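A quick write-up on the structure given underneath.
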Amino acid sequence: MSAPDLGAAILASLDEKTIRALAERLRPYLRGSDADRLLTSVEAAERLSLHPKTVVRMARDGRLPAVKIGTGWRFRADQLDIASPLSAATRYAAHRPRRLRGEPASVRAIRGHETGSVA
């Protein structure tokens with residue numbers, strides 16, 4: 001008998017109360033090891049598909065949940081939005097001011113436009 005079959009047979013033989021008690025006792029051991037792990041900015045950046053400096057800047061601004069430990073930032077793996085890795089970048093881009101530039105003076109001069117001086 002294979003291990004999955006044996007496990008299913010054991011669970012089938014238990015009543016609901018015993019299964020709940022067993023689940024409650026095993027719950028601390030079944031939690032993912034990621035839950036309490038602190039990630040560095042490099043690891044968090046890999047998960048979010050961002051540059052590490054961007055992750056640090058977002059933590060400093062309060063846009064990512066983080067804890068400062070010494071001189072570095074640490075991120076809890078379970079608090080990062082890993083379901084949609086670009087959502088943090090999208091939120092960041094939405095708050096960034098866009099710079100609108102006109103043509104450089106040299107291009108305006110070549111095209112014959114006024115350079116801004118009053119004649």
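Only residues that are in contact with a helix residue (DSSP H, G or I) (Cβ under 7 Å, 6 or more places away or on another chain) and part of a loop (DSSP other than H, G, I, E, B) were counted in segment 50-73, giving 5.
Restrict the check to segment 96-114 and report whether at least one residue is among the hydrophobic types (A, V, I, L, M, F, W, C), exposed (fewer than 11 other Cβ atoms within 10 Å of the Cβ), over 14 Å from the mean Cα position of the chain (by Cα) and modelled with pLDDT of 85 or more. Reasoning before the result, please.
Initial filter on segment 96-114 (among the hydrophobic types (A, V, I, L, M, F, W, C)): 100, 105, 107, 109-110.
Keeping just the survivors that are exposed (fewer than 11 other Cβ atoms within 10 Å of the Cβ) gives 100, 107, 110.
Subset that is over 14 Å from the mean Cα position of the chain (by Cα): 100, 107, 110.
From the residues that got through so far, the ones that are modelled with pLDDT of 85 or more too are none.
No, there is no match, as no residue in segment 96-114 is among the hydrophobic types (A, V, I, L, M, F, W, C), exposed (fewer than 11 other Cβ atoms within 10 Å of the Cβ), over 14 Å from the mean Cα position of the chain (by Cα) and modelled with pLDDT of 85 or more.
Using the structure shown, decide if Ala66 is under 15 Å from Leu38 (Cβ atoms) and modelled with pLDDT of 55 or more. Walk me through it before giving the result.
Values: under 15 Å from Leu38 (Cβ atoms): yes; modelled with pLDDT of 55 or more: yes.
Yes; evaluated as a whole, the condition is true for this residue.
The values are calculated or read from the model by the stated rules, or taken from the named source; none is laboratory data. None of these values were measured; they are calculated from a predicted model. Note: ideal-geometry Cβ built from the backbone for every residue, glycine included; neighbour counts use all protein chains shown.
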